Amino acid sequence: MFMPDFELYTLPNFRLQTGLTLPEAKLAYRTYGALNASRSNAILYPTSYGAQHTDIDWLIGPYRILDSSRYFIIIPNMFGNGLSSSPSNLNEPFGGGRFPVFTHVDNVTAQRQLLRDVFEIERLALAYGWSMGAQQALHWGSLFPDSVERIAAVCSSARTSPHNIVFLEGLRGALTADPAWAGDRFTTRPERGLRAFGRVYAGWALSQAFYRQKVYLELGYSSLEDYLIRDWEASFLRRDASNLLSMLETWKRSDISDNDRYGGDLNAALGAIQAKTLIMPGTTDLYFTQEDSLAEARLIPNAQFRPIPSIWGHRAGNPARNPVDQQFLKTAVAELLSD
């Protein structure tokens, strides 16, 4: 019998930011390491776009980037990712094109309730995230400034930029061009759309230099086409298309000021972050750019701007197959935690 490697936390009558209520929202999570007696060694590590905890936990372990011999690390799976409440697992009346919109306010609100109710954790030693995971970490710092001591935001943003939205709309267009798209739902599995989605993503997630230097050959692929099929197409063929659209919408709406507290005032929302914060863009990231990250970092009172010098584009922030960028992140996080 299959036994999942995660726990489910149920949130009854969970009201979403958009106004709908889920009778039973589910938050899937996994923990690593041990919580100390003072509950002061907790690290929150939310998932990124399209990922589940098993896709991002490679950096957790003794003496790794997130050191499970010293810290208690919790990975909450983002709403929409197929493990937590998502289009693929919601009961009626939220099926068949009636999928609710999830926001990062929903994600971090549920995460805070989990930490309090299950672990009695009131303050995080660190909120760490990459991409959409870092968007959630920044939401934590702005919405719950007394609850976060440090933030490491890797290749991300506090508010999704217009250019980033253009990228996301291109992904959505590729997926919904599949004949299985009926205007509000997929009638069958959109294989052609998923393959096109992966190829569009491949052009944005890695830099021109990565492809010019043919780094994919060093990773064991025999050609560019082999890389596109076995890495990018394969990555998204294993995901549910409706879930991918759900997470795209969450990403588009990501804005730490889009809530009742800040009313759209991004400067105020960034200025409210009290945590010691590392803002770490990739120097060749095509959609979370250095320029945008620097502008946001300047508005966070206790922030350090520390770009990752890498040709790996956005994937510099999730360097599972890139030891140089792994070491950069490990050093940066160790210094942040020792401060």
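The values are calculated or read from the model by the stated rules, or taken from the named source; none is laboratory data. Just so you know, these numbers come straight off a predicted model, no measurement behind them. Ideal geometry is used to build each Cβ from the backbone, glycine not excepted, and the neighbour counts take in all protein chains shown. When the accessible area is computed, the model is the full protein with side chains, heavy atoms only, and any ligands, DNA or RNA have been set aside. Shrake-Rupley method; radii C 1.70, N 1.55, O 1.52, S 1.80 Å.
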Test: residue in region 272-285 that is under 30 Å from ARG185 (Cβ atoms), within 17 Å of the chain's Cα centre (by Cα) and touching a residue at least 12 places away in the same chain (Cβ under 8 Å): no
All positions within region 212-225 that are open to solvent by 60 Å² or more (accessible area, probe 1.4 Å) and touching a residue at least 60 places away in the same chain (Cβ under 8 Å): GLN213
Filter result for the condition that a residue is among the charged types (D, E, K, R) and out of contact with any Asp or Glu (no Cβ under 9 Å at 6 or more places or on another chain), over GLU92, GLU122: GLU92
Test: residue in region 86-106 that is over 30 Å from LEU237 (Cβ atoms) and either outside any strand (DSSP E or B) or not charged (D, E, K, R) (or both): yes
Those residues of region 270-300 which are out of contact with any helix residue (DSSP H, G or I) (no Cβ under 7 Å at 6 or more places or on another chain), of a type in the set (Asp, Glu) and crowded, with 18+ Cβ neighbours inside 10 Å, in sequence order: ASP292
Test for PRO309: is it out of contact with any Phe, Trp or Tyr (no Cβ under 7 Å at 6 or more places or on another chain) and over 28 Å from SER147 (Cβ atoms): yes
Among the candidates LEU244, LEU228, LEU206, residue that is closer than 30 Å to LEU299 by Cβ and open to solvent by less than 30 Å² (accessible area, probe 1.4 Å): LEU206
Residues located in region 301-329, provided they are more than 23 Å from GLU218 (Cα to Cα), open to solvent by 60 Å² or more (accessible area, probe 1.4 Å) and either of a type in the set (A, V, I, L, M, F, W, C) or in contact (Cβ under 8 Å) with a residue 60 or more places away in the chain (or both): PHE305
Criterion: within 22 Å of LEU143 (Cα to Cα) and either without any contact (Cβ under 8 Å) to a residue 24 or more places away in the chain or in contact with a Lys or Arg (Cβ under 6 Å, 6 or more places away or on another chain) (or both) - qualifying residue of GLY80, GLY96, GLY19: GLY19
Residues of region 156-180 satisfying the condition of being in a loop (DSSP other than H, G, I, E, B), touching a helix residue (DSSP H, G or I) at 6+ places or on another chain (Cβ under 7 Å) and either crowded, with 20+ Cβ neighbours inside 10 Å or not small (Gly, Ala, Ser) (or both): SER156, SER157, ALA158, THR160, ASP178
Qualifying residue in region 142-155 (condition: surrounded by fewer than 18 Cβ atoms within 10 Å (Cβ to Cβ) and of a type in the set (Val, Ile, Thr)): no
Filtered residues of region 60-83 (kept if open to solvent by less than 30 Å² (accessible area, probe 1.4 Å) and either of a type in the set (Val, Ile, Thr) or farther than 30 Å from VAL101 by Cβ (or both)): ILE60, GLY61, ILE65, LEU66, ASP67, SER68, TYR71, PHE72, ILE73, ILE74, ILE75
